[in-house]
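A short write-up of the structure that comes next.
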Amino acid sequence: MTAVEHRFGPYGGQYVPETLMPALAELEQAWVVARDDPGYLEELQELLRDFAGRPSRLYRARRLSEYVSGPAHARTIYLKREDLNHTGSHKVNNAIGQALLAQRMGKRRIIAETGAGQHGVASATACALLGMECVVFMGTEDIRRQRPNVERMQLLGARVHPVEAGSGTLKDATSEAIRDWVTNVESTHYIIGSAVGPAPYPSLVRDLQRVIGDEARAQILEREGRLPDRVIACVGGGSNAIGIFTAFVGDPDVELIGVEAAGDGLDSGRHGAPLTVGGQSGVLHGSMSAVMQDAEGQITEAHSISAGLDYPGSGPEHAHLRDLGRARYVAVTDVDALRAFTTVTKLEGIIPALETAHAFHFALEEPSTSTLDLVCLSGRGDKDLAQVLERLGAEEL
Ligand SMILES: *Cc1c(COP(=O)(O)O)cnc(C)c1O
């Protein structure tokens, strides 16, 4: 049995209260056994196939390809359609995997944090499927801007616990979930929704999301007979990005690009781009990584139009890939993401999540010599319609 990584270069670790250490050790042990257990893997595969709809499609986006191609340069853009999964995003891959694991561990109560609501919906769905109790922590600002997902979670039988602290967004919801876990650790499994948190979570979430890249690599080889020049994904905590990157990390000619939220602009300080801005690393929610912080080391508030990217931290493996020079991180503003949202909707008949729209802006508008791009379409944008309509005047639609 190979061990689960605790560190990615200097990043990662387990910066948690001592009371949580036995739970992290128990989780790691359960994962090391489950990931090699044919019983677990078969059940997971069956649910991902028949319940979640995997494998997700690889789609050649004809009109987006035309849009980026000129007379002297043709580029083809493929989309990995995680938006077609049950519940509408990649989050379901991880939620089902962890809920099944929790069931094996004898835990009956699930807690989760959510920003955009997609992870909350995915967790509530997995709990309904497996007959488990579910409590979802969500900031009050996110409850306001992602209302349909709140209603979905409640219909699915989950309790949505509003968090007023701080900015009422993902960071605050995560802190509250950790507090609940410390209190109820015997009965409860905490399904972290991104490749963040103390070890073993960043590795566990990556392992459950790498199905995105494993499928996409085989699909593009079959379609094009070659690997893409670039793989592009948006980065909140970094789970869809690490899920698609992992299959290509060993292919040095494939450029890996993570797109963070530049919010109002990197200079404004109102953004969610800790990997892009750089600076010192720090500790947030149990691990060391690139974080947004002030001179005293206090975590500062992130800002993004997209709730799923509105987070001041980042997955530790991304910070390491950045330092190694293996992946590159860039940031896209709210305004540019909104433009890409409408462009993709009009040109392809696909309404992308606002999170994904950040990746699309980079893929569509940044000059590049790439002839073959693979974009992770992490989720669908139905949840974002109210938000988009509020921001765009009728004339901009
Ligand atoms: C949650 C979410 C994200 C951001 O989370 P990652 O862990 O960085 O993938 C991106 N896209 C969608 C559709 C999401 O729901």
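General observations
- Residue in region 135-146 that is in a loop (DSSP other than H, G, I, E, B), within 12 Å of the ligand (Cβ to nearest atom) and either among the polar types (S, T, N, Q) or touching a helix residue (DSSP H, G or I) at 6+ places or on another chain (Cβ under 6 Å) (or both) present: yes
Matching residues to (1) open to solvent by 40 Å² or more (accessible area, probe 1.4 Å); (2) in contact (Cβ under 8 Å) with a residue 40 or more places away in the chain; (3) assigned to a helix (DSSP H, G or I); (4) within 13 Å of the ligand (Cβ to nearest atom):
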{"site": "297", "(1), (2), (3), (4)": "no, no, no, no"}
{"site": "330", "(1), (2), (3), (4)": "no, yes, no, no"}
{"site": "338", "(1), (2), (3), (4)": "no, yes, yes, no"}
{"site": "342", "(1), (2), (3), (4)": "no, yes, yes, no"}
{"site": "350", "(1), (2), (3), (4)": "no, yes, no, yes"}
{"site": "369", "(1), (2), (3), (4)": "yes, yes, no, no"}
{"site": "385", "(1), (2), (3), (4)": "yes, no, yes, no"}
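- Looking only at region 371-382, and only at residues there that are open to solvent by less than 10 Å² (accessible area, probe 1.4 Å) and within 16 Å of the ligand (Cβ to nearest atom), the one that is farthest from residue 74 (Cα to Cα): 381
- Scanning region 249-270 for residues that are under 17 Å from residue 325 (Cβ atoms) and either within 16 Å of the ligand (Cβ to nearest atom) or free of Cβ contacts under 8 Å to residues at least 60 places away in the same chain (or both) gives 250, 251, 252, 253, 254, 256, 257, 258.
- Criterion: modelled with pLDDT of 95 or more and surrounded by fewer than 18 Cβ atoms within 10 Å (Cβ to Cβ) - qualifying residue of 17, 10: 10
- Selected residue (only one of 103, 98 is open to solvent by 40 Å² or more (accessible area, probe 1.4 Å) and either more than 11 Å from the ligand (Cβ to nearest atom) or on the phi < 0 side of the Ramachandran plot (or both)): 103
- When residues of region 75-95 are limited to those that are touching a residue at least 60 places away in the same chain (Cβ under 8 Å) and of a type in the set (Val, Ile, Thr), the one farthest from the ligand (Cβ to nearest atom): 76
- Restricting attention to region 182-191, the residues that are open to solvent by 10 Å² or more (accessible area, probe 1.4 Å) and touching a Phe, Trp or Tyr at 6+ places or on another chain (Cβ under 7 Å) add up to 0.
- Condition met for residue 129 (assigned to a helix (DSSP H, G or I) and over 23 Å from residue 18 (Cβ atoms)): yes
- Residue in region 283-292 that is more than 20 Å from the chain's Cα centre (by Cα) and surrounded by fewer than 23 Cβ atoms within 10 Å (Cβ to Cβ) present: no
- The residue that is nearest to the ligand (Cβ to nearest atom), among those in region 209-248 that are open to solvent by 40 Å² or more (accessible area, probe 1.4 Å) and within 21 Å of the chain's Cα centre (by Cα), is 210.
The values are calculated or read from the model by the stated rules, or taken from the named source; none is laboratory data. From a predicted model like this one, the values you see are computed outputs, not experimental measurements. Ideal geometry is used to build each Cβ from the backbone, glycine not excepted, and the neighbour counts take in all protein chains shown. Remember, those area values only see protein heavy atoms, side chains included, never the ligands or the DNA or RNA. Shrake-Rupley method; radii C 1.70, N 1.55, O 1.52, S 1.80 Å.
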